[in-house]
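Working notes, structure below.
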Amino acid sequence: MTDLGRSRPVLILGTGQVGSELAAAKWPSGLVPVVRDRKRIDLSNQGSVSAGVADQPWAFVINAAAYTAVDKAETDPEAAFAVNRDGPRWLAEACARAHIPLLHLSTDYVFDGQKQEPYRETDPVAPLGVYGASKEAGEAALRAVWERHIILRTAWVFSAHGHNFVKTMLRLGRERDELRVVADQYGCPTAASDIATSIIDIVRQLTDDKPRGGGQREGWGTYHFVGAGPTTWYGLADAVMAGLAKQEGRRPVVLPITTAQYPTPARRPVNSVLDCTQIEAVFGIRPRSWREGLDEVLQTLGTSGKRESR
């Protein structure tokens, strides 16, 4: 067992986009992030999950790990449900035994995308594919086990780390003169760094000995957090190309296409826009424009690319 003195360790599962940002972020005094990858804590293994949670007197557990291969999940449902449903249930059981609060990341894919307005936390779930179904099952399993939880749904995540749409578009924009991108699916791009900042703020408020207004801090439940302002994949790709033009003087043409023109094994929600009024009302967290986060990521990727080319 690691000796962290008087500090309050926060267990972070996952080293993907959000996990990387949580590890690199500045945390409030006294809260120390401790990141565990799949080799240390395997969400598909109950014994590994139980041992990982029992390893420290954690102040909070954050689950930023998941099976995220949306299309592959259609032919690999057992693996998707093992990580996305069973893992959160085992985490919740372990946290309940130790009375540790749990924050779990979820997704817009729990909805079918047929609603015309932004989705609220109370809207009925109706996932279209295996990935969404596995994530929804994880939410339900967690809720049934442990009441001191936060489920944070987000969407269209991008960062300078790992695999994501922005990095793919940037690479293709440097290789091609023309790109064809789906323009009839709507959502809110979300910088992983903004998700991390919001998670840290929630953890800070829920572990604060003196919550605002006094008394016991309330706020457990499900929340939405995405970048402000809806767009399409086409709109996001065009914004990436604008950034590429600004940095490198190169701007490929982006052509809009329909979902039918770009078939995938898993169906995508047509509308993935999430309403974030609840997280602002309870925690005072207001998402910034996704364009601000995109500018920061493109600057980081542009700078790193220049360093690599030297």
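Nothing in this text is a laboratory measurement; each read-out follows from the coordinates by a stated rule. Owing to the predicted nature of the structure, the values given are computational and were not obtained by experimental measurement. Note that we place each Cβ from the backbone using ideal geometry, even for glycine, and neighbour counts take in every protein chain shown.
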Taking the range 37-66 and keeping residues in contact (Cβ under 8 Å) with a residue 60 or more places away in the chain, under 18 Å from Thr15 (Cβ atoms) and in contact with a Ser or Thr (Cβ under 7 Å, 6 or more places away or on another chain) leaves Phe60
Could you list, ordered by first residue, the pairs with Cβ atoms under 7 Å in which the first is in the range 6-30 and in contact (Cβ under 8 Å) with a residue 24 or more places away in the chain and more than 13 Å from Arg204 (Cα to Cα) and the second is in a loop (DSSP other than H, G, I, E, B) and of a type in the set (Val, Ile, Thr), at least 6 apart or interchain? Leu13/Ile41
With the condition kept exactly as written, say whether any residue in the range 196-207 is crowded, with 23+ Cβ neighbours inside 10 Å, closer than 15 Å to Ala64 by Cα and not β-branched (Val, Ile, Thr). yes
Selection status of Ser134, among the small types (Gly, Ala, Ser), closer than 30 Å to Leu301 by Cα and touching a residue at least 40 places away in the same chain (Cβ under 8 Å): no
In the range 37-92, residues that are assigned to a helix (DSSP H, G or I) and of a type in the set (Val, Ile, Thr) total 4
Tell me which residues, restricted to the range 87-122, are surrounded by fewer than 16 Cβ atoms within 10 Å (Cβ to Cβ) and either within 17 Å of the chain's Cα centre (by Cα) or more than 19 Å from Trp146 (Cβ to Cβ) (or both). Gln114, Gln116, Glu117, Arg120, Thr122
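Residue-by-condition table, conditions (1) surrounded by fewer than 19 Cβ atoms within 10 Å (Cβ to Cβ); (2) under 30 Å from Trp146 (Cβ atoms); (3) within 17 Å of the chain's Cα centre (by Cα); (4) in contact (Cβ under 8 Å) with a residue 24 or more places away in the chain:
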position: Val240; (1), (2), (3), (4): no, no, no, yes
position: Leu274; (1), (2), (3), (4): no, yes, yes, yes
position: Arg288; (1), (2), (3), (4): yes, no, yes, yes
position: Leu294; (1), (2), (3), (4): no, no, yes, yes
